[in-house]
Structure formats: structure tokens, C-alpha cells
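The values are calculated or read from the model by the stated rules, or taken from the named source; none is laboratory data. Note that the coordinates shown come from a computational prediction; the quantities given were computed from them, not determined experimentally. Using ideal geometry, Cβ is built from the backbone for each residue, glycine included, and neighbour counts are taken over all protein chains shown. The accessibility values were calculated without ligands, DNA or RNA, using every heavy atom of the protein model including side chains. Shrake-Rupley method; radii C 1.70, N 1.55, O 1.52, S 1.80 Å.
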Amino acid sequence: MTPRFLIIGSGFSGSVLANRLIKNLDCTVDMWDERSHAGGNCHTERDVQTGIMVHQYGPHIFNTDRKEIWEYVNSFGTFNNYVHQVKALSKGRIYPMPVNLFTINQFFNKTFSPQEAKAYLGSIADKTIANPANFEEQALKFIGKELYHAFFYGYTKKQWGCEPNALPASILKRIPVRFNYDDNYHSNVYTGIPIDGYSAIMQKMIADARISITLNKKFIPGMDTGNYTHVFYTGPLDAYFEYSYGRLGYRTVSFEKHYAEGDFQGLSQMNYCDETIPYTRVVEHKHFTPWEQHDKTIYFKEYSCETGPKDIPYYPKRLHADKMMLQQYRLYAEKMQSVSFLGRLATYRYMDMHHVIGEALDFADRFSNCLKSNQPLPVFSNTEIF
Ligand code: UDP
């Protein structure tokens, strides 16, 4: 009998999985999404008032080092060569972010060469920290306390709602420190934004008669899905189990929408590093599509808050207690045979788009091979959980 699959969630995880399953197997796929649109948090839509393509759930810049992932996404639409150049406001002055030679020279009022800047940061960095155990130690070891307090302490406290020494060092490792004038926010080989937005890319991924999508359809735990060969769940792991071990910690983001004439801030993203300013960043979407002309502009102030039961979970906090709870949920899930879990929410990780896409492709291949060879089906898309 032809396998019939159900995928809960139509973000990149669900869309890539559907696309790959129909390539690998003679099957049909139903997708459900509880929202009124497909695409999950990568959904893009033109703003009615301005005509500007808006990343509805915050800025998404595609970047990867993996050629096969870049070619895969480009097979569904054209990406432009947008380079993300961010500025950060700290104590009334504007600097380039990530920290680079220009940031260092501006901040310390110097004219350092790359070697001089490296030696200077080496001299002010905390040499007592051998293996940074948390975000704060990672910063103090590599950039010293002045730059840490100017650019990271306040922003991170607002973003994560806790002291940076309670957070893993891996969060800071996302951002480079450079001793040249390269101010590209990302260090990857391939970077860009799809000309027609991310939703158009995902629509193409699932544009096949064997895939059908139902919007405004919420998966309720315990629902009878017995007429499907297998279910793939990409929603929050704790919700699948009705929070039986408690709620995994997430930060949510509240977006305050504003309109203005012309150009509001001159670039797509301005970070606000001072603790006294309640929002973390201001994102002006017209700058993601510089090839388009728009008289008006739309921008959003982003406020980070603790996630309540009705909020959308964005950033997994992954504090110690969360990781213990995650382990319990995973053990529970491993006992089931008819459901697999993949993606940012179902694996409770801070993932970028290229990471999500790569993992969904690998998972679909692994799953297809197991199904064809009658092997036990994989439950999670990742094995390393911490
Ligand atoms: N961060 C910061 N100051 C900045 C930018 C980032 O302190 O100006 C910290 C903050 O803790 C943030 C982390 O670095 O959560 C990772 O930043 P990234 O820009 O990768 O976050 P995202 O774009 O995923 O929100």
C-alpha cells in the first residue's frame, strides 16, 4: 500500500521534508498548519500599505557554507546577494556590529592596524579564563570587559531575560570578532535573500499533486492519526506531550510596527545595546530588497519577553532545568514508533535556516532508507541533544 504521511507544521522543516519524501518514496503527504498561512516563522508577505516584503516573524538572512544546501534552496527561487551589515548603538554612539577593526578603533579612539588591535584586545582580555563556561566568560576572554559591557551585556540581558553568565558560550560564538574592516554580519560563503520572499520558496517545495496542505488546522495531542503510515511533528516538543513534564523555556518576541516616509534608519538592522532602552533592535525591511523602490517605509521595534502559554516560542533558552526536562520528553518520545520529531521546536534548539534545511534533508533520506529496508524508523532528526 502507498504510504500516507502526515506532517504537522509547514515551516522549512515540514516543507523540505515533504519535498524530499515524495522524491524518495512512492507516497502521499498531508500537511497541517494551525496558522492561516504556510511557512512557519520564515513566512514573508508584502505589507499592504507600503508594498514592502516583510519577514513577518523577524529578519531572516539566508547563509550557509554548504554548497549543496545553497543549490537546493536556489532551485526553488532566485536569491539576491544581500549582505547583512548591522550597526549597534551603545551609549549614544553608533558602531558596526559584529565587532571588527572599525568598531575597535571607534570605541577606543585609536587607529590600530589589525596586528595592533589584536595585541590590544589580547592585553585587556581576561587571561584567567582558560575554558569559557558561559556567555560572559566567552566574551571576557576574547574581547575584554569594556567591549563586553558596551555591546553584549545589556543586549543579552534584554534578549534572554537573565544574566549572561547563566547562558551557554555557544550563543556568543554565533557572532565573529574580526581584526579587519569586514562588517558582514555572517561569515558564510553563501548568503542572500530570496527575491520573492521565503514563502514563495516553500510554496514551490510543496507544489506537487502528492502533497496537500490544510491551513488553520491545529494538531491536538491524542488526535486519531491512525489512518497515516507515519506522523512527522515539527511543533514544540512539550506541547506534543501536553506539557506533562512542564514547559520548556523560550523567549518570545513582540514586534511593534511603525510607518514612516522615506528611509527611517538607513539600514535593515540597528541593535540597541543599552539596558535602559527596552527594545533589542529595530528592523527596517525595505533594506532587505534594495533593488525595489518604495516611498514609504515600515519598521519594527523588537521586544524580547518570557513566553506565556499563548505566545509564539522563538528562542529556546536551554538552561540547565530545560535540558533535564528535554531529556525526559525525548525518552518518552523514543518509546513511540509512529511519530518522528524534527526542526527547531521539536528538537528544542537554536537553529538557523540552513541548519534546519540540511537536517530535514538528511532526516528524510534516513527515514526513507529505513522504511525501504524495514529498519526501525528514526524518532528524532538529531542525536546530540546538548
Ligand atoms: N548579541 C548582543 N549584542 C548584539 C548582537 C547580539 O549581545 O548587538 C548577543 C545576544 O545575546 C544574541 C546573540 O548575541 O542573542 C546572538 O546574536 P544573533 O544576532 O545571532 O541573534 P538572532 O539574530 O538569532 O536574534
Practice task
Determine, yes or no, whether HIS258 is more than 15 Å from the ligand (Cβ to nearest atom), out of contact with any Cys (no Cβ under 8 Å at 6 or more places or on another chain) and either open to solvent by less than 60 Å² (accessible area, probe 1.4 Å) or under 23 Å from ILE195 (Cβ atoms) (or both).
Solution key: yes
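Quick test for you: out of ASP274, ASP322, pick the one residue that is more than 13 Å from the ligand (Cβ to nearest atom), charged (D, E, K, R) and touching a residue at least 12 places away in the same chain (Cβ under 8 Å). Show your work before the answer.
Details: ASP274 fails: more than 13 Å from the ligand (Cβ to nearest atom).
Exactly one residue qualifies, and that residue is ASP322.
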Practice task
Of the conditions (1) among the charged types (D, E, K, R); (2) within 16 Å of the ligand (Cβ to nearest atom); (3) open to solvent by 40 Å² or more (accessible area, probe 1.4 Å); (4) in a helix (DSSP H, G or I), LYS87 clears all except one; give me its number.
Solution key: (4)
Fill in the blank from the handout: Within the range 1-36, residues open to solvent by 20 Å² or more (accessible area, probe 1.4 Å) and in a strand (DSSP E or B) come out as ARG4, THR28, ASP30, TRP32
Fill in the blank from the handout: In the set VAL282, VAL253, VAL231, the lone residue that is in contact with a Lys or Arg (Cβ under 8 Å, 6 or more places away or on another chain) and either assigned to a helix (DSSP H, G or I) or open to solvent by less than 50 Å² (accessible area, probe 1.4 Å) (or both) is VAL282
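How many of the residues in the range 124-178 are assigned to a loop (DSSP other than H, G, I, E, B), open to solvent by 50 Å² or more (accessible area, probe 1.4 Å) and either away from the ligand (no atom under 13 Å from the Cβ) or over 22 Å from ILE104 (Cα atoms) (or both)? Even if it seems obvious, please write down each step before you answer.
Step one: filter the range 124-178 for residues assigned to a loop (DSSP other than H, G, I, E, B), giving 125-134, 143, 161-163, 167-169, 174-178.
Among the residues that remain, those that are also open to solvent by 50 Å² or more (accessible area, probe 1.4 Å) are: 126-128, 130-131, 133, 163, 174, 177.
Filter once more, keeping what is either away from the ligand (no atom under 13 Å from the Cβ) or over 22 Å from ILE104 (Cα atoms) (or both): 126-128, 130-131, 133, 163.
Here the count works out to 7.
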Fill in the blank from the handout: How many residues of the range 54-81 are away from the ligand (no atom under 15 Å from the Cβ) and of a type in the set (Phe, Trp, Tyr)? The answer is 4
Exercise for the section: Return yes or no: is GLN337 more than 16 Å from the ligand (Cβ to nearest atom), within 27 Å of VAL253 (Cα to Cα) and touching a residue at least 24 places away in the same chain (Cβ under 8 Å)? Expected result: no
Completion exercise
Flagged in the range 183-220 as within 23 Å of the chain's Cα centre (by Cα) and charged (D, E, K, R), in numbering order, are ASP183, ASP196, LYS204, LYS218
Problem - From ASP224, ASP263, ASP238, residue being of a type in the set (Asp, Glu) and buried (at least 19 other Cβ atoms within 10 Å of the Cβ) - result: ASP238
Handout entry: Subset of the range 37-76 (residues that are assigned to a strand (DSSP E or B) and of a type in the set (S, T, N, Q))
Key = THR44, ASN63, THR64
Handout entry: Residue check, PHE107 at pLDDT 95 or above and away from the ligand (no atom under 15 Å from the Cβ)
Key = no
Exercise for the section: Please state which one of ARG344, ARG349 is within 16 Å of the ligand (Cβ to nearest atom) and without any contact (Cβ under 8 Å) to a residue 40 or more places away in the chain. Expected result: ARG349
Problem - Residue within the range 188-200 that is within 16 Å of the ligand (Cβ to nearest atom), surrounded by fewer than 17 Cβ atoms within 10 Å (Cβ to Cβ) and part of a loop (DSSP other than H, G, I, E, B) present - result: yes
